[in-house]
Amino acid sequence: TPPRAFVDYEGNVVLFASSYLNQRFEGPNLNQMEKKCEKSLKSEGDGTIRNYNDVEWLGAFHTEDGRNVYSLIHTEYHGWEHNNCNSSDLLDCWWNSINLAISRDGGKSFSHSSPPDHNILNPPFDYDINNREGAMGYLEPSNILPKDGYYYAYMVKHFPNEPFGICVMRTNNLQDPDSWRLWDGTGFNARGDGENYPNSNCQSLSPTPVSAHNVVYDEYLGKYISLGCSWGSTCY
């Protein structure tokens with residue numbers, strides 16, 4: 001994932017450019033960083049699809065005190081790793097969800113509730129061993145953005161027979177994965193577990209196939225800006 005950094009409760013800069021290994025860098029500033037070889041979160045999935053813990057990437061981070069750090073997890077289920085794939089294209093056996101992990105020690109270690117209680121967003125359709133449309137589900141959560149008592153995040157959405165899009169969700173309680181609600185076109189009303197799908201579904205903000213990874217508030221510009229690349233490798 002793109003690098004993301006925060007300052008912990010001891011004044012250290014902690015940086016993640018995450019993979020499923022979830023290793024971090026630490027240092028007094030971004031120019032003096034040391035890689036820490038221990039894993040901050042171990043992917044220990046058992047291959048159960050609806051446990052949402054197969055291959056876990058620590059994604060977005062948010063902390064207000066440097067000690068309690070919240071992370072949105074980009075979680076991949078790989079059908080080919082479990083002999084559960086009828087395609088030679090690895091992307092066709094990729095089924096994605098977004099989940100919650102919490103650190104109580106400034107990012108050194110993360111944990112989550114027993115699966116599936118840590119789940120925030122999951123595809124409202126079952127994994128399909130015959131899928132030929134590529135990676136499916138909710139993918140690539142953005143940074144967590146606080147505003148007016150809520151916390152917002154974007155993510156990529158890819159459902160069957162639909163183009164890639166960007167959705168937004170929010171919560172007023174970072175500790176509760178069930179409290180997030182998706183924008184449905186009129187308000188933040190849609191649950192992430194697919195309840196009442198498709199009538200209570202995320203409304204894509206953009207049909208453009210772009211990454212939602214990096215959304216930040218720029219104090220100089222006084223605006224929110226997005227930094228990313230499209231799936232066709234065009235950066236903006």
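The values are calculated or read from the model by the stated rules, or taken from the named source; none is laboratory data. Keep in mind it's a predicted model, so treat the numbers as computed, not measured. When we count neighbours, we look across all protein chains shown, and the Cβ atoms used for this are built from the backbone with ideal geometry, even at glycine. Ligands, DNA and RNA are stripped out before the accessible areas are found, and what is left, the full protein with its side chains, is counted by its heavy atoms. Shrake-Rupley method; radii C 1.70, N 1.55, O 1.52, S 1.80 Å.
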Quiz item: ILE129: touching a Gly at 6+ places or on another chain (Cβ under 7 Å) and either assigned to a loop (DSSP other than H, G, I, E, B) or of a type in the set (Ser, Thr, Tyr) (or both), yes or no?
Solution: yes
Quiz item: If GLY165 satisfies every condition in (1) under 30 Å from GLY222 (Cα atoms); (2) in contact (Cβ under 8 Å) with a residue 60 or more places away in the chain; (3) open to solvent by less than 30 Å² (accessible area, probe 1.4 Å) but one, which is the exception?
Solution: (2)
Practice problem: Output the number of the condition that GLU44 fails; it satisfies all remaining conditions of (1) at pLDDT below 90; (2) in contact with an Asp or Glu (Cβ under 9 Å, 6 or more places away or on another chain); (3) within 24 Å of VAL215 (Cα to Cα). | Solution: (3)
Quiz prompt | Residues of segment 91-118 satisfying the condition of being open to solvent by 20 Å² or more (accessible area, probe 1.4 Å) and either in contact with a helix residue (DSSP H, G or I) (Cβ under 6 Å, 6 or more places away or on another chain) or part of a loop (DSSP other than H, G, I, E, B) (or both) | solution = ARG104, ASP105, LYS108, SER109, HIS112, SER113, SER114, PRO115, PRO116, ASP117
Exercise. Among the numbered conditions (1) closer than 17 Å to SER226 by Cβ; (2) under 15 Å from the mean Cα position of the chain (by Cα); (3) modelled with pLDDT of 90 or more, tell me where VAL156 comes up short.
Key: (3)
Self-check item: Tally of residues being open to solvent by 30 Å² or more (accessible area, probe 1.4 Å), modelled with pLDDT of 95 or more and either more than 16 Å from ARG67 (Cα to Cα) or not in a strand (DSSP E or B) (or both) across segment 2-24
Solution: 4
Quiz prompt | Close pairs (7 angstrom Cβ cut-off, 6 or more residues apart or separate chains): modelled with pLDDT under 95 in segment 52-70, open to solvent by 20 Å² or more (accessible area, probe 1.4 Å) and hydrophobic (A, V, I, L, M, F, W, C) anywhere | solution = PHE61/PHE6
Quiz item: Restricted to segment 181-236, and to residues that are open to solvent by 80 Å² or more (accessible area, probe 1.4 Å) and touching a Gly at 6+ places or on another chain (Cβ under 8 Å), which residue is modelled with the highest pLDDT?
Solution: GLN203
Self-check item: Restricting segment 25-63 to residues that are open to solvent by less than 30 Å² (accessible area, probe 1.4 Å) and among the charged types (D, E, K, R), the residue that is nearest to the chain's Cα centre (by Cα)
Solution: GLU56
